[in-house]
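Here is the structure we will look at, set down as structure tokens.
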Amino acid sequence: MNAGSSDFTLSATPDSPASAPAPDPRDGELRPLGLSFTGTGSEYFRIWIVNVLLSIVTFGIYSAWAKVRTLHYFYRNTRLDGASFDYHGKPSAILKGRAIVVALAFAFQIATNVSPFLSLAMLVALLAVFPLLLVRSLRFRMANSSYRGLRFAFAGRDAEAYKVFVLWPLAAVFTIGLLGPLAHQRFKRYQHNHTRFGTAPFAFSAGAGDFYGVYLRAFGMMVAVVAIAGAGSFVLGATASGKLGTALSFGIGIAGFYLALLAVSPYLMARLQNIVWSQTTLAPHAFRSEIKAGRMVFIFLTNLIAIVLTLGLYLPFARVRAARYRLECVTMLAAGPLDSFVAGEAEQVGALGDAAVDWYDIDIAL
């Protein structure tokens with residue numbers, strides 16, 4: 001499970017028991033099982049500082065191994081019902097994915113310098129290839145994630161990926177962001193509805209209206225903060241005189257704008273996680289996420305201040321602090337004992353889960 005992101009999804013095989021309609025989690029008594037994070041900032045700091053130093057010395061090549069070490073730490077310290085998650089990805093696959101991205105970016109830069117027509121052709125080629133790489137990255141991440149020895153999987157189709165990663169984002173751009181929330185909802189629906197744990201499918205029920213509600217509230221909050229800062233700068237400019245008053249007025253206005261930007265990101269993160277996971281199910285099991293947006297904004301801003309004051313050394317502590325809060329706000333509403341659920345899934349999957357991993361050997365850090 002990724003501490004920084006909010007996603008799993010699945011589809012069952014036609015002949016498996018999981019392909020039958022899953023019981024509604026609300027029909028029976030559900031047992032709440034909270035996620036927990038057992039890592040500490042000081043532990044992760046030791047991993048992080050070695051990763052940074054070795055990545056610098058190797059001109060970035062070690063960053064693939066650094067990512068695996070980081071994911072090992074966060075997965076293995078994320079616990080549910082007394083058991084932890086695990087990550088099995090190989091650094092070579094991550095390095096391969098990054099090499100592909102660098103090569104594509106380099107080729108596009110050369111095409112841009114040679115001819116505008118060539119750069120346009122290269123852009124079309126990138127749009128044709130990139131969704132395929134993103135899908136394989138999702139497959140890689142899920143196939144190499146496990147809980148109690150049973151792997152996750154992603155079975156999203158390439159054709160639908162073009163809609164999710166090309167069509168909807170372009171529509172959002174051409175409508176000046178008006179279709180942005182819809183594009184985001186389509187991505188989450190694609191991601192969750194095509195992920196599975198063993199053969200058990202995840203399902204996602206949040207609609208576009210839920211996403212528009214969050215984005216509109218975030219936009220309103222940003223406008224309010226900017227308006228308050230603007231009013232303050234106007235009053236200060238009217239009462240103060242000379243260049244000092246003008247400078248203070250301008251500074252307050254700029255500070256208000258950036259404060260609004262800083263506050264919107266964690267606010268969106270909190271509200272969207274609540275929507276995504278509170279409307280996601282795993283076969284008969286449900287989830288609930290109860291992040292407080294105010295608390296998330298406070299953590300984000302205080303982390304940022306600490307990172308600046310320590311010249312970046314607080315960064316690993318900040319990441320652990322944010323991950324712990326986000327994970328511990330998620331509860332799994334289990335419709336039955338997880339031991340029997342996992343054992344049943346493992347029996348259905350057999351050796352196919354491990355064999356599938358070899359087919360998805362690319363990760364581009366989606």
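Any read-out appearing in this document is the output of simple, stated calculations on the displayed coordinates, not a laboratory observation. Computed from a predicted structure; not experimentally measured. So basically every Cβ, Gly included, is an ideal-geometry build from the backbone, and we count neighbours across all protein chains shown.
A Förster radius of 30 Å combined with the Cβ-Cβ distance from VAL223 to LYS90 puts the calculated FRET efficiency at roughly 0.05. Over region 150-208, the alpha carbon radius of gyration divided by the compact-protein estimate 2.2 N^0.38 Å works out to 1.25.
Here the calculated FRET efficiency for ALA107 and PHE59, from their Cβ-Cβ distance with R0 = 25 Å, stands at 0.75, rounded to the nearest 0.05.
Taking θ as phi - 60° and the Karplus parameters 6.51, -1.76 and 1.60, the scalar couplings of region 39-47 work out to x, 10, x, 5, 5, 5, 4, 5, 5 Hz in sequence order, x denoting glycine and proline. For region 119-166, a Kirkwood hydrodynamic radius built from all Cα pairs, placed in the Stokes-Einstein relation at 37 °C and 0.692 mPa s, yields a translational diffusion coefficient of 276 µm²/s.
Can you check what the net charge comes to around PRO316, using other residues whose Cβ is under 13 Å from the Cβ of PRO316 (Lys, Arg +1; Asp, Glu -1)? Once all neighbours under 13 Å are counted, the net charge is +4.
Each peptide in 67-78, 51-62 receives the mean, over its residues, of other Cβ atoms within 10 Å, and ordering these scores from highest gives 67-78, 51-62. Full extension of the segment from VAL308 to ALA231, taken as 0.36 nm per residue of separation minus the current Cα-Cα distance, would add 24.9 nm. Of the peptides 118-126, 261-269, the ranking by mean beta-carbon count within 10 Å, highest at the top, reads 261-269, 118-126.
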